[in-house]
1. What order do you get for A:GLU177, B:GLU17 when you list them from fewest to most C-beta neighbours inside 10 Å?
2. Tilt of helix B:178-188 relative to the longest C-alpha principal axis of chain B, in degrees (0 to 90, nearest 10)?
3. Using only Cα atoms, tell me the angle between helix B:41-53 and the longest principal axis of chain B; keep it within 0 to 90° and round to the nearest 10.
4. Give the Rg/Rh ratio for the protein assembly as shown, taking Rg as the radius of gyration of the Cα atoms and Rh as the Kirkwood radius, to two decimals.
5. For A:TYR40 paired with B:ALA53, estimate the spin-label separation in nm (one decimal), with each label point 7 Å from Cα along the Cα-to-Cβ line.
6. Looking at chain B, how many pairs of lysines come closer than 30 Å at the Cα, when each pair is eight or more places apart or spans two chains?
7. Could you tell me the center-to-center distance, by alpha carbons, between the range A:95-111 and the range B:76-150 in angstrom?
8. Take each of the peptides A:51-57, B:86-92, average the number of other beta-carbon atoms within 10 Å over its residues, and list them starting from the highest.
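Read-outs throughout are calculated quantities, based only on the coordinates presented, and are distinct from any laboratory measurement. Since this is a predicted model, take the numbers as computed values, not measurements. All Cβ positions, even for glycine, are placed from backbone atoms using ideal geometry, and neighbour counts span all protein chains on display.
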Amino acid sequence: MSRLKELFDTGEFVVTGEVAPPRGTDLSGMHASVDLLAPYCHALNVTDNQGASLHLSSLAASRAILDRGIEPIFQQTCRDRNRLALQSDLLAAWSLGLENVLVVTGDDPRAGDHPHAKGVFDLDSTQLATIARGMNQGHDMMGRDLKGATDFYIGAAMFPEAEPWDVQLARIEQKIEAGVRFFQTQAIFDMDKLQRAVDAVRPLGAKVIAGVLVIRSPRVVKFVNEHLAGLMVPDHIAERISAADDPAEEAIALATEQVRDIRSIADGVHVMPLGLDAAVGKILTG
Amino acid sequence: MIITKPRDWARIIQNLESIGARSVFLMGCGQCATVAHTGGEKELVETAGRLTAAGYEVTGWTVGEVTCHLNGTKLDARKHRDEIDGADAVLVLACGAGVQTTADAIAKPVFPGLESLFLGTVVRNGVFEERCQTCGDCVLDMTAGICPVTTCPKGLLNGPCGGMWNGMCEVLTDRECTHVRIQRRLTEQGRGLGGTLAPKDFSTALKPGGVNIRDRVTHRRAGDREGAR
Ligand code: SF4
Ligand code: SF4
């Protein structure tokens, strides 16, 4: 059974990190990152062609991380594969021992390093979650029996700060109905909005892992605002980083405060260190 | 209607040069290409002038009534037989369907003079938007008359995606997110927030489409085998 699920079930405050597979076959950088994060994290999210840019597959990288002794969260986007390939990869994931799957839509190819690619989007994330749940029940999306079912712990993304909230809320309810049991949120800057989301989700039986982004410099603020879809760094935080003598130290202090706040609101925290992997320990224990 | 735009002029000249053509007959279209200002009388006269200036002889031109109509185009071609006979090539200012009926109707090299873009809505004169991809499995009943297949850049049936911000689209940042618009209209009409739409049947959009109401054969596209009986 998914350790992530077990931890949630026992009421543990869950800590997850994130690793991006390399663009190439050399896994040493990814492993170095895993080794830095592993002592502080219960599980690591392995991104799938992050930012619509070419990386080694999340499937292979998730297995490599499992072999290194830490539980992966296999991420699957709807951008690059049709329904046959997605289902086939879900079966592969389960056979490789991957028990958590995070289904997301995926950035548009126009935002990535292969802007001429055809965005597939044969399915959307809600439909993919429904299919994963069906596989847990022993059948494919056409209703045919599988020789051997899966038993995934299914997660999806959530965006507590993106208005209009009523539309977001309807989406969240849809996803839970589709079989989603935990949500990983976009980076949180406004704890009231996180609280609002948790209050809505908890009664429906799903868990919320709140995202924390380490914004180590004004340049990163600019990058987030311009290149990360569905995310804006609020002015007061951008100013705090740019006014600091040591922006990186300030970013670590800010992230540490955010993690502390999140502990009393959500079920877990997901740290996205954006290159400051070495500071994750401090952020989580501070 | 079918939205077209003028084809790159250098490519048109290249096409004519490829067969050593010196004289050209022009075919336009009285329907979509006229409304799109790409293949009506005015554009044909302009194109004739341009070809003449480039040293070509224009033997004649006509605005086909409905150029994508095969028999109509055959009739138009017959009316202009002498001008067509005197030309080395025919340049068609119509959509790809019109180019093909012309190529079927006239036994001469036929070249496209326009690029065919999409099935468009005329928002106002000269402003066209793509709102339907003729998918053969319409979901507008569920989406308050706003097509997610076409107007959401990712074509998601259930949304918004994670890139939506303040109601605006992640990909086309100056446009409202289709799914926010759908949900707003559904709510305004008291139709709730809509359910989850099931994965789309893409077999209905397989090419080439075909309908034959004369023989009571309603097969639409290659994937739609049952209806073919
Ligand atoms: S759902 Fe299909 S048929 Fe209906 S408007 Fe959209 S593309 Fe056209
Ligand atoms: S923001 Fe809305 S319209 Fe734009 S790609 Fe995402 S779901 Fe589609």
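1. With the sparsest Cβ surroundings first, the list reads B:GLU17, A:GLU177.
2. Helix B:178-188 and the main axis of chain B meet at about 60 degrees.
3. 50 degrees
4. 1.08
5. 6.8 nm
6. 15
7. If we compute the Cα centre of each part, the gap is 39 Å.
8. Final packing ranking: B:86-92, A:51-57.
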